[in-house]
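Undergrad: Handing you this structure, nothing more for now.
Any read-out appearing in this document is the output of simple, stated calculations on the displayed coordinates, not a laboratory observation. All values reported here derive from a predicted model rather than from experimental measurement. Backbone-built Cβ (ideal geometry, glycine too); neighbour counts: all protein chains shown.
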Amino acid sequence: QVQLVESGGGLVQSGGSLRLSCATSGFTFSMYAMSWNRQAPGKERELVASINSLGGSTNYADSVKGRFTISRDNAKNTVYLQLMNLKPEDTAVYYCNTKPWRSYWGQGTQVTVSS
């Protein structure tokens, strides 16, 4: 019954920005730390950002630190990822999940950054 629906991806040029959303249902969202993750072709899925249940603490992969911002709205059961100063190496399918990961994944949203 857990549902994770990512949206907001697209095609942007280097240096551009996007705002990703993950609408969730089927679990008590406000009790869980959440994460954004990405998977590029030929690579394993990797954690890029996480946020605690109340939104007061965040963590980022070194590769995105200073460029991405994770946030959440517990009233809307939604977690967001603001991507700024995008680079071609950010190209991937982006997925949300809890942290630690559970065995529920949405379809993801494609982010493509052209050079």
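Undergrad: For the range 23-72, what class follows from the C-alpha gyration tensor (a ≥ b ≥ c being the square roots of its eigenvalues): rounded when a/c is under 1.5, otherwise prolate if a/b is larger than b/c, else oblate? List each step's numbers first, then the result.
TA: Working: a/c = 2.86, a/b = 1.40, b/c = 2.04.
Judged from the Cα gyration tensor, the range 23-72 comes out oblate (a/c at least 1.5, b/c at or above a/b).
Undergrad: Under 23 Å from the Cα of K87, which lysines turn up, not counting those fewer than eight places away in the same chain?
TA: In chain and number order, the partners are K43, K65.
Undergrad: Provide the FRET efficiency to the nearest 0.05 for the V5-R67 pair, computing r from the beta carbons and using R0 = 25 Å. Walk me through the numbers before you get to the answer.
TA: Values: r = 24 Å, r/R0 = 0.96.
Once rounded, the FRET efficiency stands at 0.55.
Undergrad: With Cβ to Cβ distances under 10 Å as the rule, what net charge do the other residues near A40 carry (K, R +1; D, E -1)?
TA: On the way: positive: R38, K43, R45; negative: E44, E46, E89, D90.
Here the charged neighbours net out to -1.
Undergrad: Kindly list the residues of the range 75-94 that lie in the label zone of Q39, defined by a backbone N under 16 Å from the point 7 Å along the Cα-to-C-beta vector.
TA: The answer is 91-94.
Undergrad: Checking the cross-link filter: which lysines have an alpha carbon closer than 23 Å to that of K76, excluding same-chain neighbours under 8 positions apart?
TA: The qualifying lysines are K99.
Undergrad: Would you please name the GluC sites (Glu not before Pro) within the range 1-73 that are DSSP coil residues with at most 12 other C-beta atoms within 10 Å of their C-beta? Intermediate results must be reported in sequence, preceding the final value.
TA: Numbers: sites: E6, E44, E46; in loops: E44.
Filter output for the range 1-73: E44.
Undergrad: What are the ³J(HN,Hα) couplings of the range 87-101, residue after residue, when phi is run through the Karplus curve with 6.51, -1.76, 1.60 and θ = phi - 60°? Round to Hz, x for glycine and proline.
TA: 10, x, 5, 7, 4, 4, 8, 9, 10, 9, 6, 6, 10, x, 4
Undergrad: For L81, what charge total do you get from the other residues with a beta carbon under 12 Å from its beta carbon, if Lys and Arg give +1 and Asp and Glu give -1? Could the numbers behind the result be given before it?
TA: On the way: positive: R19, R38, R67, R72; negative: E6, D90.
Taking every other residue near L81 into account, the sum is +2.
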